[in-house]
Amino acid sequence: MIRLDKYIAHSGISSRRRIKQLIHDGLVTVNGESVNDSGMRVDENTAKVYMDGQRVYYRRYVYLMLNKPAGYVSAREDRHYPFVTELVPEEYDYYRVYPVGRLDINTEGLLILTNDGAFAHKLTSPDKNVYKKYFARLSRPAEEADIAVFRAGMEFKEFTAKPAKLEILDDPREVYVYIAEGKYHQVKRMCDRVGKSVEYLKRVKIGSLELDESLAPGEVRELTDEEMRLVFAQEDIFAD
Ligand code: URA
């Protein structure tokens, strides 16, 4: 049993303030009865709650896709810089989502935010082999020989990177890099290893989930059920 205002807040459809107002105005019904007590206890498994005529479903977790803009840190808060949760619409406040893994402040692109710890753990664990794909623009053209260096895996002082894929695009200063982990500055360090520095970096894919390019930088939306599945549906990236 949980409080009615909490139940509705956990549906992600309205802000806490508006919910209180709607309950106060008698626009919320529970099991067919109009109610006006925000603190009333409801059974989150069986209650039929309607708000302003619309059915409201309690959800414990929420999963959001953000097209991260440069200039934001991947954290719930920061004293010096803007942080990604500032970009999350207020109706999700109640979930207290946090970013799954980190993109550097100047990295753009696909970032998932959730309040589901088990999901976050699964996604960031290198053992699960969820490859993350990045588009990078380099200071110098990538060379064919670099591909094998990435493919062999790389030793760093705090970890050994699993085999990674380097795909050279038509303009050889532009590449896709696929990595299984997401260690500190990993893509930048791997490119440095072959003598190129990264001038621009954007994550475009996690597992088989692609960044929705129709999301403008800074925009957020919920993942669909199909997209949730794609996150862990890893293609064989070394296939061809
Ligand atoms: N690798 C990096 O170097 N930076 C990122 O933001 C992500 C991966």
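Go through the range 188-240 and give me each residue that's over 18 Å from the mean Cα position of the chain (by Cα), in a helix (DSSP H, G or I), surrounded by 15 or more Cβ atoms within 10 Å (Cβ to Cβ) and not basic (Lys, Arg).
Answer for the range 188-240, where residues must be over 18 Å from the mean Cα position of the chain (by Cα), in a helix (DSSP H, G or I), surrounded by 15 or more Cβ atoms within 10 Å (Cβ to Cβ) and not basic (Lys, Arg): 190, 191.
Restricting to the range 181-204, give me the number of residues that are more than 8 Å from the ligand (Cβ to nearest atom), in contact (Cβ under 8 Å) with a residue 40 or more places away in the chain and out of contact with any helix residue (DSSP H, G or I) (no Cβ under 9 Å at 6 or more places or on another chain).
Of the residues in the range 181-204, 4 are more than 8 Å from the ligand (Cβ to nearest atom), in contact (Cβ under 8 Å) with a residue 40 or more places away in the chain and out of contact with any helix residue (DSSP H, G or I) (no Cβ under 9 Å at 6 or more places or on another chain).
So, residue 46, is that one without any contact (Cβ under 8 Å) to a residue 12 or more places away in the chain and either surrounded by fewer than 20 Cβ atoms within 10 Å (Cβ to Cβ) or not charged (D, E, K, R) (or both) or not?
yes
Considering only the range 166-175, I want to know if a residue exists there that is within 12 Å of the ligand (Cβ to nearest atom) and surrounded by 21 or more Cβ atoms within 10 Å (Cβ to Cβ).
no
If you scan the range 48-67, which residues turn out to be farther than 30 Å from residue 103 by Cα and under 30 Å from the mean Cα position of the chain (by Cα)?
Of everything in the range 48-67, those that are farther than 30 Å from residue 103 by Cα and under 30 Å from the mean Cα position of the chain (by Cα) turn out to be 49, 50, 51, 54, 55, 56, 57, 58.
Which members of the range 1-47 meet the condition of being assigned to a loop (DSSP other than H, G, I, E, B), closer than 20 Å to residue 94 by Cα and over 28 Å from the mean Cα position of the chain (by Cα)?
Of everything in the range 1-47, those that are assigned to a loop (DSSP other than H, G, I, E, B), closer than 20 Å to residue 94 by Cα and over 28 Å from the mean Cα position of the chain (by Cα) turn out to be 1, 37, 38, 39, 40, 43, 47.
Could you tell me which numbered condition residue 209 fails, if it satisfies all but one of (1) within 15 Å of the ligand (Cβ to nearest atom); (2) at pLDDT 95 or above; (3) hydrophobic (A, V, I, L, M, F, W, C)?
(1)
Residues checked against (1) more than 16 Å from the ligand (Cβ to nearest atom); (2) among the aromatic types (Phe, Trp, Tyr); (3) modelled with pLDDT of 95 or more:
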{"site": "97", "(1), (2), (3)": "yes, no, yes"}
{"site": "139", "(1), (2), (3)": "no, no, yes"}
{"site": "144", "(1), (2), (3)": "yes, no, yes"}
{"site": "150", "(1), (2), (3)": "no, yes, yes"}
{"site": "154", "(1), (2), (3)": "no, no, yes"}
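Take the residues in the range 75-99 that are farther than 14 Å from residue 220 by Cα and touching a residue at least 24 places away in the same chain (Cβ under 8 Å), then tell me which one is surrounded by the fewest Cβ atoms within 10 Å (Cβ to Cβ).
For the range 75-99, the residue satisfying everything is 81.
Collect the residues in the range 137-175 that are of a type in the set (Phe, Trp, Tyr) and part of a helix (DSSP H, G or I), keeping them in residue-number order.
Answer for the range 137-175, where residues must be of a type in the set (Phe, Trp, Tyr) and part of a helix (DSSP H, G or I): just 150.
The values are calculated or read from the model by the stated rules, or taken from the named source; none is laboratory data. Everything quoted here is computed from the prediction, not taken from an experiment. Cβ atoms come from the backbone with ideal geometry, glycine included; neighbour counts cover every protein chain shown.
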